[in-house]
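Just below is one structure, and these are the notes that go with it.
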Amino acid sequence: MSKTYIPVALRRQVYERAKACCEYCLIPDVATFAPHEIDHIIAEKHSGRTEAENLALSCTLCNKHKGSDLASVDPETGKIVPLYHPRQDIWHEHFRLSGSEFVPLQQFSGN
Ligand SMILES: [Zn+2]
């Protein structure tokens, strides 16, 4: 979560590119109680920049859950794995929809 001012035009660009849906869980902005937020994919504290390629539209739950993290520990393998990156990864290679829930697919082999 960022405290950096993000210009309105850049916010609009991110919002429209994402078609008003969270880029992590795909929930539409209109289906949530709180408006979607602009997430720094690579957090500013990790030198992530405030530019379109590093910004993603995120629902508040995904944004809070992700925080400034870049990776997490896979509970099944114990390996450190990078988090889904909306600009570099393909959503359907990482998740699938099951009704209204999204389910992670088997993790790629960790490097
Ligand atoms: Zn989400």
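The values are calculated or read from the model by the stated rules, or taken from the named source; none is laboratory data. No experiment lies behind these values; they were computed from the predicted model shown. Cβ coordinates were reconstructed from backbone atoms using ideal geometry, including for glycine residues, and neighbour counts include every protein chain displayed. Just so you know, the surface numbers come from the protein's heavy atoms only, side chains and all, with ligands and any DNA or RNA stripped out. Shrake-Rupley method; radii C 1.70, N 1.55, O 1.52, S 1.80 Å.
A few points about this structure:
- Cα-based reach from Lys45 at 20 Å (exclusive), listing aspartates and glutamates while leaving out same-chain residues under 8 positions away: Glu37, Glu53, Asp69
- Exposure ranking of His46, His36, His92 by accessible area [1.4 Å probe, largest first]: His92, His46, His36
- Calculated accessible area for the chain comes out at 68 Å² per residue, all protein chains present (probe 1.4 Å; ligands, DNA, RNA ignored).
- Gaussian network model of the chain, springs between alpha carbon atoms under 10 Å - residue of Leu83, Leu61, Leu97 with greatest fluctuation: Leu97
- The Cβ shell under 13 Å around Arg87 holds other residues with a net charge of -3, Lys and Arg each +1, Asp and Glu each -1.
- Sites matching trypsin sites (Lys or Arg not before Pro) across the stretch 4-111 that sit in DSSP coil, with at most 11 neighbouring C-beta atoms within 10 Å: Lys19
- Qualifying chymotrypsin sites (Phe, Trp or Tyr not before Pro) in the stretch 1-63, DSSP loop, other Cβ atoms within 10 Å at most 11: Tyr5, Phe33
- Each of His40, Phe102, Gly67 was placed along the dipole of the stretch 8-104 (beta-carbon charges, centred on the mean Cα), and the one lying farthest toward the positive end is His40.
- Over the chain: helical MRE at 222 nm, DSSP H runs n ≥ 4 each giving -39500 (n - 2.57), nearest 500: -4500 deg cm²/dmol
- Residue with peak Gaussian network fluctuation, the chain [Cα springs, cutoff 10 Å], from His65, His94, His85: His65
- Cα-based shape type of the chain, given that a ≥ b ≥ c are square roots of the gyration tensor eigenvalues and the cut on a/c is 1.5: oblate
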